[in-house]
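Following: one structure in structure tokens, then a few remarks.
The values are calculated or read from the model by the stated rules, or taken from the named source; none is laboratory data. It should be emphasised that the depicted structure is a prediction, and the values quoted were computed from it without experimental measurement. Glycine gets a Cβ as well: all are built from the backbone with ideal geometry, and neighbour counts include every protein chain shown. Ligands, DNA and RNA are excluded from the accessible area calculation, which covers all protein heavy atoms including side chains. Shrake-Rupley method; radii C 1.70, N 1.55, O 1.52, S 1.80 Å.
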Amino acid sequence: MMLSRRVVPAVLAVPLLALSACGSGGGAEPGDDPVAIATSSTLGSVLGQITECAGTSSTSLMGPGDDPHTFQPSSAQVAELAGTELVIANGLGLEGGLESALANAAEDGATVLEVAPEVDPIPWGGEAHDHGEEGHEGHEHAEDEDHGHEHGEEGHDHAEEGHEEHEGHEHAEDGHDHAHEEDSAAPGGEADPHAGHDHGSEDPHFWLDASRMATAAHIIGQALTEQTGEAQYTECGEKVEQELTDTDAEVGEILADIPAEKRVLITDHEAFGYFAAAYDFEVAGVVVPGGSTDAEPSSAELAELTSVIEDTGVPVIFSNTAASTPLIDAVAAEVGTDVSVVELHVGSVGPADSAAATYQGMMVDNATKIAEALA
């Protein structure tokens with residue numbers, strides 16, 4: 001696999017956290033020389049599990065509770081980023097505040113691997129291309145020993161599919177330019193709600209489908225092997241991949257008892273497209289328009305959402321631990337019925353002492369809360 005330097009201009013802030021094998025996060029040991037840095041805490045959790053398995057260390061720019069949409073780096077973190085060799089980023093416009101820092105790191109010689117474009121991304125409000133169905137029947141990757149893979153044959157192998165173009169950061173040429181003029185308006189000439197939030201046509205929130213994060217673990221393991229020449233990273237990536245495939249199955253089992261008519265979600269922002277496609281839900285509405293947490297809904301949009309909640313009878317709004325909830329609480333109160341607000345870990349893992357401290361724990365904890373709220 002050839003590493004792709006796909007860079008979304010970005011910068012990062014918040015003390016760097018060394019992640020344990022469980023990805024729970026913690027201070028780096030003196031003298032540790034991390035082999036890679038992840039941007040988000042969700043990717044950092046998975047990266048940390050792979051590197052600890054291999055007997056090394058890694059770090060994450062964002063810690064528990066940091067919102068990847070609004071995260072801004074400190075000058076110390078920017079300097080740290082500039083000195084690393086491999087950065088594991090989400091991509092597809094998620095880390096808006098890290099664009100400059102990531103671009104600068106790449107110019108300084110770092111390999112910046114954007115994961116989201118490599119796990120069969122879906123368009124905003126789109127389908128998951130049967131990825132979720134494959135995941136819940138064994139994910140096909142777990143059954144393919146070299147795994148090297150079905151994604152390679154389907155368009156995810158950089159070396160064989162001509163992704164060398166990204167070595168020059170010509171991101172705009174592959175359709176992922178987030179400022180592309182075609183994204184400035186929706187069909188019919190109406191303004192695209194995603195255009196103002198540095199998002200392109202594809203949804204970056206892939207990690208809310210555990211089967212896709214399993215694929216990401218495999219890709220990260222291979223990237224570490226290519227960067228370091230050490231085969232154990234690929235082996236550890238495959239080990240974590242299997243653990244995440246198991247997590248995917250567990251999440252599906254937890255959600256299985258929710259009746260079909262109750263599999264309707266109202267969320268804080270448009271982040272649950274992958275989750276809905278993978279686990280058979282419908283997203284009926286969002287409080288904050290677009291795919292970011294930093295947008296401002298209009299009074300008309302709030303009124304429309306209130307009507308949706310009343311019409312569907314959805315008893316809960318799922319909010320985000322990494323974002324403020326006053327607006328969500330206000331919408332719930334406006335409905336005037338028994339609508340509760342349940343916090344989920346959407347863009348970040350939880351604190352080290354919580355059930356959501358690892359990526360796996362986060363997904364299981366979210367599924368449990370959703371099942372309890374909707375069953």
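List of remarks:
- The residue pairs whose first member lies in segment 66-80 and is more than 11 Å from residue 98 (Cβ to Cβ) and polar (S, T, N, Q), whose second member is open to solvent by less than 20 Å² (accessible area, probe 1.4 Å) and modelled with pLDDT under 90, and whose beta carbons are closer than 6 Å, counting only pairs six or more residues apart or on different chains, are 74/13.
- Only one entry of 105, 79, 128 meets the criterion of being among the aliphatic types (A, V, I, L, M), surrounded by fewer than 17 Cβ atoms within 10 Å (Cβ to Cβ) and modelled with pLDDT under 95, and that entry is 79.
- Among the residues of segment 36-76, those that are closer than 14 Å to residue 224 by Cα and among the polar types (S, T, N, Q) comprise 49, 51, 56, 57, 58, 59.
- In segment 277-296 there is at least one residue that is open to solvent by 30 Å² or more (accessible area, probe 1.4 Å), at pLDDT below 85, in a loop (DSSP other than H, G, I, E, B) and not β-branched (Val, Ile, Thr).
- Residues that are open to solvent by less than 20 Å² (accessible area, probe 1.4 Å) and over 20 Å from residue 273 (Cα atoms) do not occur anywhere in segment 311-329.
- So residue 319, is it modelled with pLDDT under 95, of a type in the set (Ser, Thr, Tyr), on the phi < 0 side of the Ramachandran plot and assigned to a loop (DSSP other than H, G, I, E, B): no
- Consider segment 46-61 and keep the residues that are assigned to a loop (DSSP other than H, G, I, E, B) and in contact with a Pro (Cβ under 6 Å, 6 or more places away or on another chain). The one that is surrounded by the most Cβ atoms within 10 Å (Cβ to Cβ) is 58.
- All positions within segment 258-273 that are within 13 Å of residue 374 (Cα to Cα), open to solvent by less than 10 Å² (accessible area, probe 1.4 Å) and in a loop (DSSP other than H, G, I, E, B): 258
- Residues that are within 15 Å of the chain's Cα centre (by Cα) and not in a helix (DSSP H, G or I), drawn from segment 208-251: 209
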